[in-house]
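The values are calculated or read from the model by the stated rules, or taken from the named source; none is laboratory data. Fair warning: this is a prediction, and the values are worked out from it, not measured in the lab. We place every Cβ from the backbone using ideal geometry, glycine too, and count neighbours over all the protein chains shown.
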């Protein structure tokens, strides 16, 4: 199949799944589909750095969690009618997604700018370990900072509001998430075709030549890393709205690993790869987890098989062409 | 107060020595084979479980300790031959993923065999007392023994690498694998031995710590990530860097948790002072890592890779 055919098929499967959930009146399946969409968004963010840029970040859960905490903190303040700051000027919480999202994106992007500026001084294995370590730093901070629940996490009791969305129906958040997915897909598609994306992919393949033509790989990589983190942070804000709960578990190294698995299972450096990966991962988790308590053994074996024998993931298996990005 | 500081300092060194046992294996495997091994934490867990299970079965901590070395080394050798061997020529992303998959298999497999309840391991009779430190406060003998054991192992590792034939081969393998293969060294076997050696050190660390904490699934990964911090600070591939980095991280972390809340209490209310102090203390070693990265991106003792 061609790549566009696979992409269309993936969107059709998602739509059919949601349609079936509505017809069969199974709100839980809609929640499952929303989870898929949100993890796909997080994966698309990581894929920009990892797939196109070759920047193997093992710390994207930090941005996922930061976006989540921005959402949780703003919403909990709004629900308790407690301002966040009174001095020097008044800042209040909010339950408007349209206010929460830009802040979640901004906070994740700023964190990524700082972490990226330090981590990108190194490369290869160092980069993997350092991004993992910085994520762990934020994880431990979230655990030991008691104001927003510490280890226990923070519950928000009502889903936040979006103009025109029914905040009490599972379908509402699903539609909003699909909208965000579309925006993010469009954004990453535009970036990878633009100067930044070209330079990023060239810097992955041959940093020396990129420098020779007058582009500093560091700047290109830092920009891409920041955008990548911002997208993952946006997904984090949505995830908290889905669960009505945020906790340090969102920032844990396991979450970083899961987002990475989603990118790899789907197919590194393919625009729709993370969507395929998220579908596979979450459906496996749901259905295998239901029949076999230790399903992660099977997940581990499957991942091992993909890495050793089926490089390119689901997309790589389905698509017969030679112009997909490969890592290396 | 000085006695308390001394006690915390020793705790920090003990923690650092444990981190060294983890970091030494990681840095050896990276230095010689160029492999990043996330499953190193699983080998630590295997060591702890083997020690706890055998000690419970036979009643002897020492048999447990021997079992932990054997089990971790065997698990390491099997994993190297079955999986890791195929990864040396792959890029780091593949290595991360495959060893992440191994973590899932090890963790869930252990949960399957032993259940989710933690196991407990008692400090051996011989080392269960306390010694009196200068200043008059008692300090657990077992922790002191860990420090001594760790330093002896560090010395042994230096001698092994600097003075023995295996050490010569390891160093040669670090600089040029094709050359030493051409000279007639069985490089595959050398790699298996190095990997099993690193695994045994991790298993030993797990067993020794198992008597201080509970033995449970998932105990390895937090230590693994700290060992990464140690390696980043010390420089990848350097055993000396791993030792100094480990002690630095161990002492910074322990002293930070002890001193920072007290420092904030000098100008804040007690309860927010403890909260702020411990929150900042939990980030201290990462700040240390960031500072090292700013001034020496290759680590304190790292060469250029």
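Candidates A:104, A:133, A:112, A:117: the one that is within 14 Å of chain B (Cβ to nearest Cβ), within 21 Å of residue A:236 (Cα to Cα) and touching a helix residue (DSSP H, G or I) at 6+ places or on another chain (Cβ under 8 Å) is A:133.
Residue-by-condition table, conditions (1) without any contact (Cβ under 8 Å) to a residue 40 or more places away in the chain; (2) within 13 Å of chain B (Cβ to nearest Cβ); (3) within 23 Å of residue A:129 (Cβ to Cβ); (4) surrounded by fewer than 23 Cβ atoms within 10 Å (Cβ to Cβ):
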{"residue": "A:242", "(1), (2), (3), (4)": "no, no, no, yes"}
{"residue": "A:270", "(1), (2), (3), (4)": "no, no, no, no"}
{"residue": "A:275", "(1), (2), (3), (4)": "no, no, no, no"}
{"residue": "A:298", "(1), (2), (3), (4)": "yes, yes, no, yes"}
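You will find that of A:117, A:135, the residue that is part of a helix (DSSP H, G or I) and more than 17 Å from residue A:250 (Cβ to Cβ) is A:117 and no other. Does residue B:73 count as in contact (Cβ under 8 Å) with a residue 60 or more places away in the chain and surrounded by fewer than 23 Cβ atoms within 10 Å (Cβ to Cβ)? Taking the combined requirement at face value, the residue does not satisfy it.
The residues of segment A:141-152 that are in contact (Cβ under 8 Å) with a residue 40 or more places away in the chain and buried (at least 19 other Cβ atoms within 10 Å of the Cβ), listed by number, are A:142, A:143, A:149.
All of (1) farther than 16 Å from residue A:126 by Cα; (2) under 14 Å from the mean Cα position of the chain (by Cα); (3) at pLDDT 90 or above hold for residue B:239 with one exception: (3).
Here are A:125, A:210: which of them is assigned to a helix (DSSP H, G or I), farther than 25 Å from residue A:111 by Cα and out of contact with any strand residue (DSSP E or B) (no Cβ under 8 Å at 6 or more places or on another chain)? So the residue among A:125, A:210 that is assigned to a helix (DSSP H, G or I), farther than 25 Å from residue A:111 by Cα and out of contact with any strand residue (DSSP E or B) (no Cβ under 8 Å at 6 or more places or on another chain) is A:210. Taking the residues in segment A:45-86 that are crowded, with 24+ Cβ neighbours inside 10 Å and touching a strand residue (DSSP E or B) at 6+ places or on another chain (Cβ under 6 Å) as candidates, determine which candidate is farthest from residue A:257 (Cα to Cα). Within segment A:45-86, the match that is farthest from residue A:257 (Cα to Cα) is A:72. Selection of segment A:185-196 for residues being surrounded by fewer than 20 Cβ atoms within 10 Å (Cβ to Cβ) and either touching a helix residue (DSSP H, G or I) at 6+ places or on another chain (Cβ under 9 Å) or assigned to a helix (DSSP H, G or I) (or both) yields A:185, A:186, A:187, A:189, A:190, A:191, A:193, A:195, A:196.
With respect to being more than 29 Å from residue A:71 (Cβ to Cβ), crowded, with 21+ Cβ neighbours inside 10 Å and within 14 Å of chain B (Cβ to nearest Cβ), residue A:316 falls outside the description.
For residue B:251, the requirement of being crowded, with 23+ Cβ neighbours inside 10 Å and in contact (Cβ under 8 Å) with a residue 40 or more places away in the chain is not met.
Taken as a whole, segment A:40-49 holds no residue that is within 14 Å of chain B (Cβ to nearest Cβ) and over 18 Å from residue A:185 (Cβ atoms).
Of the helices (runs of 4 or more DSSP H) lying entirely inside segment B:84-191, those containing at least 3 residues that are within 30 Å of residue A:294 (Cα to Cα), over 20 Å from the mean Cα position of the chain (by Cα) and within 14 Å of another protein chain (Cβ to nearest Cβ) are B:92-114.
Against the definition (under 30 Å from residue B:117 (Cα atoms), in contact (Cβ under 8 Å) with a residue 24 or more places away in the chain and surrounded by fewer than 21 Cβ atoms within 10 Å (Cβ to Cβ)), how does residue B:212 come out, yes or no? Spelling it out, residue B:212 is indeed under 30 Å from residue B:117 (Cα atoms), in contact (Cβ under 8 Å) with a residue 24 or more places away in the chain and surrounded by fewer than 21 Cβ atoms within 10 Å (Cβ to Cβ).
Residues are listed down the side, and each one gets a yes or a no for (1) more than 24 Å from residue A:257 (Cα to Cα); (2) at pLDDT below 95:
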position	(1), (2)
B:60	yes, yes
B:71	yes, no
B:93	no, yes
B:100	no, yes
B:104	no, yes
B:109	no, yes
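Please find, among B:273, B:265, the residue that is surrounded by fewer than 19 Cβ atoms within 10 Å (Cβ to Cβ) and away from chain A (no Cβ under 13 Å). None of the other options fit; the residue is B:265. Would you point out which residue out of B:15, B:49, B:20 is in contact with a strand residue (DSSP E or B) (Cβ under 7 Å, 6 or more places away or on another chain) and part of a helix (DSSP H, G or I)? Answer to the selection: B:49. Can you tell me which residue is modelled with the highest pLDDT among those in segment A:154-184 that are farther than 20 Å from residue A:98 by Cβ and surrounded by 19 or more Cβ atoms within 10 Å (Cβ to Cβ)? Step by step, filter segment A:154-184, then rank; the result is A:154.
Which one is nearest to the chain's Cα centre (by Cα) among residues in segment A:170-180 that are in contact (Cβ under 8 Å) with a residue 24 or more places away in the chain and farther than 16 Å from residue A:67 by Cβ?
In this case the residue turns out to be A:178.
Taking residue B:66, is it over 23 Å from residue B:173 (Cα atoms), part of a helix (DSSP H, G or I) and without any contact (Cβ under 8 Å) to a residue 24 or more places away in the chain? In short, yes. Scanning segment B:276-289 for residues that are in contact (Cβ under 8 Å) with a residue 40 or more places away in the chain and within 10 Å of chain A (Cβ to nearest Cβ) yields B:285, B:286, B:289.
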